[in-house]
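All remarks here apply to the structure that follows.
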Amino acid sequence: MSGPDDFHSHIWEEEPEADDPFAAAACFAHGYDVYGDLLGRVRFTQYLYLLFTGRAPSPATERTLDLLMVALANPGPREASVYAAMNAGVGGSTPGACLIAALAVGAGQYGGAHEVWHAMTLWEQHETSLAAWERALRQPEAPTRADIWPPMEHPPGFNPNGESCPQPVRQTLSALAQASPGPRLAWLQEHRVPLESAAACPLAMSGVTAAALADLGLNPDQGELLTLLLRLPGAAVHALEQRQVGWRRFPFYRDALHILDDPGPVGERPDLEALRPSRGAP
């Protein structure tokens, strides 16, 4: 069995209790005493940024992350990962299964967390060069190695089915651009129209998210995971709501369902209870 000294982490350190080496007497996150110093003195946004980066956020960084958390917390029932959680909730799945459904669907490349990864990779490659961005959006590079993910079918960070940039996306971009400590969000706001022209589709929330996470100093892997995490609250509350509403009012695709053995109206159906065997029956 693994002991407490078998695990190694640059993020977390524990001092054991004197009478139990498997119980912590003190916990340190990047050198900060979590329960002795941080608890009661820092906000969740500050602690979250510390865990991901090992650094305490500046006021501008904290404000930007706080705005992003509000913008992403509930993508709404139209969003595929939230809808997946709703399906699980209305079907009576456990809370954990509802979140797993949201994570599985929200991890993908169509508005999902891996699309954010791709968009953040473009920020690493092209920074704020409009010419480089326009080339990349018009003529994306083909993958050079095999991957578990198929090639992207649209420019990362843009909505291939959109007609124009939705107001919530523009509002989020404006708020983040004013707060951000980095240059990307302001540049994206200034050059949104020519970038949309090069992509032949409007900017999506995934594109704003990628620029914000890059401005916060996160790498694509960190950004992908944080995107998954920040969108879970909406999936959770909608799954709980649909569990209470019940499946009879859930918008299934009724026109696509074909019942081969329809029992007929309720009054004409057989009494199922009368058909059940009594206790002790063979």
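Bear in mind these aren't lab numbers, they're just calculated from the coordinates by the rules spelled out. Bear in mind that the values here come from a model prediction, so they are computed numbers and not experimental data. Note that we place each Cβ from the backbone using ideal geometry, even for glycine, and neighbour counts take in every protein chain shown.
Values as computed for the structure displayed
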read-out	value
Taking N as its residue count, the alpha carbon Rg of the stretch 12-58 over 2.2 N^0.38 Å	1.25
Nonlocal amide H pairs with residue 26, under 5 Å, H built at 1.01 Å	15
Ranked packing of 237-243, 201-207, 28-34, most packed first, by mean Cβ within 10 Å	201-207, 237-243, 28-34
Viscosity 1.567 mPa s, temperature 4 °C, Stokes-Einstein D of the stretch 38-176 from Kirkwood C-alpha radius, µm²/s	73 µm²/s
At 1.002 mPa s and 20 °C, Stokes diffusion of the chain via Kirkwood alpha-carbon radius, µm² per second	97 µm²/s
